[in-house]
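Colleague: Input: one structure, supplied below.
The values are calculated or read from the model by the stated rules, or taken from the named source; none is laboratory data. Keep in mind that this is a model prediction, so the values were computed, not measured. With ideal geometry, Cβ positions are generated from the backbone for all residues, glycine too; neighbour counts draw on all protein chains shown. Accessible surface areas use protein heavy atoms only, side chains included; no ligands, DNA or RNA. Shrake-Rupley method; radii C 1.70, N 1.55, O 1.52, S 1.80 Å.
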Amino acid sequence: MEIGISTFVETTPDVVTGEVISHAQRLREVVEEIVMADRVGLDVFGVGEHHRKDYAASSPALVLAAAAPQTKRIRLTSAVTVLSSDDPVRVFQDFATLDGISNGRAEIMAGRGSFIESFPLFGYDLNDYDELFDEKLDLLLKLRESEKVTWQGKHRPAIQNLGVYPRPVQNPLPVWIGSGGNTESVVRAGVLGLPLVLAIIGGRPVQFAPLVKLYKRAAAEAGHDVSKLTVASHSHGFVGDKLDEAVEKFFPPTQAGMNIVGRERGWGYYSRATYDAARSLEGALYVGDPETVAAKIIYLRKNVGITRFMLHCPLGTMPHEDVMRSIELLGTEVAPRVREEIARWEAEGGEVE
């Protein structure tokens with residue numbers, strides 16, 4: 001069971017002071033957070049790609065590369081790379097470069113993204129939303145298969161037997177499919193035999209169990225070894241020394257962040273009642289002391305089949321020292337609890353029904 005952190009490198013106004021941290025400062029902070037995650041033994045750190053004022057990371061590979069020489073073991077991934085509006089050749093080159101700097105620890109999490117600002121920014125038509133992703137994923141996978149590539153598509157100039165460099169340390173360079181729970185994307189990942197990441201940020205996580213089964217069935221029917229497939233989740237949360245303290249610290253920035261996005265998308269108001277319901281064992285919010293958060297991750301593993309858990313922290317702007325402490329607790333207290341219980345459960349033949 002792998003455990004890690006994901007972040008969108010938020011720069012929303014501080015809910016207490018109203019201060020807006022600079023992009024430069026937040027970027028330096030997230031490098032420190034990656035280094036902390038490595039130091040406390042976490043398995044993976046993911047950085048999301050956004051092209052908005054309230055997020056500082058438009059280039060995850062650059063942020064991860066800044067931390068790579070300062071870390072030793074932790075895997076470094078995008079979360080996600082908005083492949084539909086990017087050039088697969090540059091994506092591959094950027095992460096192959098990161099793979100070299102980190103000596104084989106880079107991963108690409110490819111997705112459509114949760115926002116659409118990158119489409120007009122890079123000159124793409126939203127009417128081609130699905131077609132762009134399918135075509136560019138096809139090219140990205142061909143780029144990792146061989147040094148020289150011949151490829152032709154609709155939305156990018158053809159490539160005729162050209163080499164793409166540098167080559168990564170890992171062969172193949174890991175490519176994950178990120179999904180918000182769309183059945184089509186889950187089936188696509190299974191058919192291609194690619195690892196799957198599910199954004200489980202609302203409702204009841206156990207409702208994703210049928211999607212995991214669908215993913216594995218599609219993979220098996222396509223001839224892939226299901227035992228080698230990995231399923232990850234990306235879920236909001238925060239770990240504190242004490243339950244009540246963690247709950248009260250995480251609520252204000254979470255409410256603010258969720259309502260910013262909610263106003264754009266027509267969601268209902270994110271209230272304290274919504275927050276408290278999501279903190280329950282069957283809810284999608286992983287906030288509390290180490291024992292509480294560990295219990296929820298274990299529950300997710302046993303009932304959904306997740307084999308990698310990524311805690312998205314922070315959701316809105318929080319003091320850097322609180323985020324660092326949350327990462328430290330996740331690595332030193334939550335992860336050991338989870339790994340020990342899951343190892344025991346699997347040794348006894350435990351499996352998701």
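Colleague: Starting from the stretch 189-208, keep only residues that are within 17 Å of residue 226 (Cα to Cα), then list their pairs with residues that are acidic (Asp, Glu) whose Cβ atoms are within a distance under 9 Å, requiring at least 6 positions of separation or different chains.
Modeller: Here the result reads 190/221; 191/221; 193/225; 195/107, each pair linking the stretch 189-208 to a residue that is acidic (Asp, Glu).
Colleague: Still on this structure, I have one more. Evaluate the following for residue 2: is it under 29 Å from residue 302 (Cα atoms), open to solvent by less than 10 Å² (accessible area, probe 1.4 Å), among the acidic types (Asp, Glu) and modelled with pLDDT of 95 or more?
Modeller: Details: under 29 Å from residue 302 (Cα atoms): yes; open to solvent by less than 10 Å² (accessible area, probe 1.4 Å): no; among the acidic types (Asp, Glu): yes; modelled with pLDDT of 95 or more: yes.
In short, no.
Colleague: Would you please name the residue that is surrounded by the fewest Cβ atoms within 10 Å (Cβ to Cβ), looking only at residues in the stretch 146-192 that are over 22 Å from residue 111 (Cβ atoms) and among the hydroxyl-bearing types (Ser, Thr, Tyr)?
Modeller: Once the filter is applied, the top-ranked residue is 165.
Colleague: From the residues in the stretch 264-277 that are part of a loop (DSSP other than H, G, I, E, B) and surrounded by 12 or more Cβ atoms within 10 Å (Cβ to Cβ), which one is modelled with the lowest pLDDT?
Modeller: First, pick out the residues of the stretch 264-277 that are part of a loop (DSSP other than H, G, I, E, B): 266-271.
Adding the requirement that they be surrounded by 12 or more Cβ atoms within 10 Å (Cβ to Cβ) leaves 267, 270-271.
Numbers: 267: 91, 270: 95, 271: 97.
Here the residue is 267.
Colleague: Kindly provide the set of residues from the stretch 11-30 that are open to solvent by less than 20 Å² (accessible area, probe 1.4 Å) and either of a type in the set (Phe, Trp, Tyr) or modelled with pLDDT of 95 or more (or both), ordered by number. Step through it out loud before you land on a result.
Modeller: Kept after step one, since they are open to solvent by less than 20 Å² (accessible area, probe 1.4 Å), are these residues of the stretch 11-30: 11-12, 26, 30.
Scanning the stretch 11-30 gives 11, 26, 30.
A quick yes/no check of all residues on (1) free of Cβ contacts under 8 Å to residues at least 40 places away in the same chain; (2) over 20 Å from residue 47 (Cβ atoms); (3) open to solvent by 40 Å² or more (accessible area, probe 1.4 Å); (4) not in a helix (DSSP H, G or I):
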| residue | (1), (2), (3), (4) |
| --- | --- |
| 262 | yes, yes, no, no |
| 283 | no, yes, no, yes |
| 306 | no, yes, no, yes |
| 316 | no, no, no, yes |
| 322 | no, no, no, no |
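To keep it simple, each residue is scored yes or no on (1) among the small types (Gly, Ala, Ser); (2) in a helix (DSSP H, G or I); (3) touching a residue at least 60 places away in the same chain (Cβ under 8 Å); (4) open to solvent by 60 Å² or more (accessible area, probe 1.4 Å).
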{"site": "95", "(1), (2), (3), (4)": "no, yes, yes, no"}
{"site": "110", "(1), (2), (3), (4)": "yes, no, yes, no"}
{"site": "130", "(1), (2), (3), (4)": "no, yes, no, yes"}
{"site": "133", "(1), (2), (3), (4)": "no, yes, no, no"}
{"site": "139", "(1), (2), (3), (4)": "no, yes, no, no"}
